[in-house]
Amino acid sequence: MTDLGAFLGRQLKEIRAEAGYKSQDEFAPVLSKDRSVIGKAETGEYPPTEAVLEDWLSLCGITGRLRTVLLAVAKIARMRDGGPVKAWFAGWVDAEGKAHTLRIWQPIILPGLLQSPAYARELFIATGLSEDRASEYVQSRLDRQAILERPEPPSIVVVLDELALHRLIGTAEIMREQLTHVIELSKRPNVHIHILPTRTGANAGLGGPIHLATGSGTPEVLLIGALIEDQVTADPVQVRRASATFDAVRGDALNRADSRNVMMEALERWND
């Protein structure tokens, strides 16, 4: 627990009580969260995610400058606490949330925006996180996926290596759920998912995953996958190189209809 987290927790407790929610048990169903989420937020053990805090403040009628300050305090507290939004990653989360276009190349696993909760949890557990910590990271990932449900969602172009569809993450049931989820997303007009067939062999994207976020009136931001820690940059030279790599990989990938057929065939494999 950080001092900043404890300070935030005290404010949230007072705000809840002043809004008429006298207990955590009373507030939990209104917030649509388990009581433990509220308890950990109010003690400062785990500062709430941005989405949870937004709902918390809205339910309690907090607006204006106080709302802005508490949101900023929470972001810093989560970084210091070692939560799912690391200081180095905050720039990407901000760019992703404001982007009108996202371009993603993923050669190993499905990218975070397309992951089901169970699939994401298995990945976090594999890195050594505890069950509680993994739950926090999964929630953070789901919060990021909220951009898919905006009234005007971003245009998302994803290129996946075909092998990612056949790599077992967790169980066959989890893979069935995950592929079903991706297939449904691929039917949305703003989500373009393309499969790079394994028969392609060597390709321009074998160096690692690439995420590019393009917003209005802001520099394009690049998230580069790395072995130890991903890198976020708006350096125009690196962005241009990554963009060229993405275009090369996209050029070798299947069209949307053929890609969906490949995904459905992979789903059938996990149904066997």
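The values are calculated or read from the model by the stated rules, or taken from the named source; none is laboratory data. Every value quoted in this text rests on a predicted model; they were computed, and no experiment measured them. Counting neighbours? That spans all protein chains shown, and the Cβs are built from the backbone with ideal geometry, glycine included. To get the accessible areas, we keep the full protein, side chains included, count just its heavy atoms, and leave off ligands, DNA and RNA. Shrake-Rupley method; radii C 1.70, N 1.55, O 1.52, S 1.80 Å.
Starting from the stretch 111-175, pick out the trypsin sites (Lys or Arg not before Pro) whose DSSP state is loop and whose Cβ has at most 12 other Cβ atoms within 10 Å.
ARG167
What whole number of Å gives the distance from the Cα centroid of the stretch 246-270 to the Cα centroid of the stretch 126-165?
19
Using a 1.4 Å probe over the heavy atoms of the protein chains, calculate the carbon and sulfur portion of the accessible area of the chain as a whole percent. Don't skip to the answer; put the middle values down first.
On the way: 7110 of 13350 Å².
With neighbouring chains kept in place, the figure for the chain is 53 percent.
How large is Rg over Rh for the chain, taking Rg from the Cα atoms and Rh as the Kirkwood inverse mean of 1/r across Cα pairs?
Using only Cα positions, Rg/Rh for the chain is 1.00.
Loop only per DSSP, at most 13 neighbouring Cβ atoms within 10 Å: give me the chymotrypsin sites (Phe, Trp or Tyr not before Pro) in the stretch 85-144, ordered by residue number. Mind showing how you got there, number by number?
Details: sites: TRP88, PHE89, TRP92, TRP105, TYR119, PHE124, TYR137; in loops: TRP88, PHE89.
Loop-located and lightly packed - TRP88.
Can you give the accessible area of THR171, probe radius 1.4 Å, in Å² rounded to 10?
Only protein atoms counted, so the area is about 70 Å².
Checking understanding here: applying a Kyte-Doolittle mean of at least -1.0 and a length along the axis of at least 15 Å (C-alpha), which whole DSSP H helices in the chain pass? Mind dumping the intermediate values first?
Details: long enough: 3-18 (23 Å, -0.34); 64-80 (25 Å, 0.51); 131-144 (20 Å, -1.72); 172-186 (21 Å, 0.09); 236-252 (24 Å, -0.39); 256-271 (22 Å, -1.08).
Those that clear 15 Å and a mean of -1.0 are 3-18, 64-80, 172-186, 236-252.
Rolling a 1.4 angstrom probe over the protein heavy atoms, how many square angstrom per residue are accessible across the chain?
Values: 13350 Å² over 272 residues.
Counting only protein heavy atoms, the per-residue value for the chain is 49 Å².
Could you give me the percent of Cα pairs per 10 Å distance bin for the stretch 16-138, shortest bin first, beginning at zero and ending with the bin that holds the maximum distance?
Result returned by the calculation: 11, 36, 36, 15, 2, 0.
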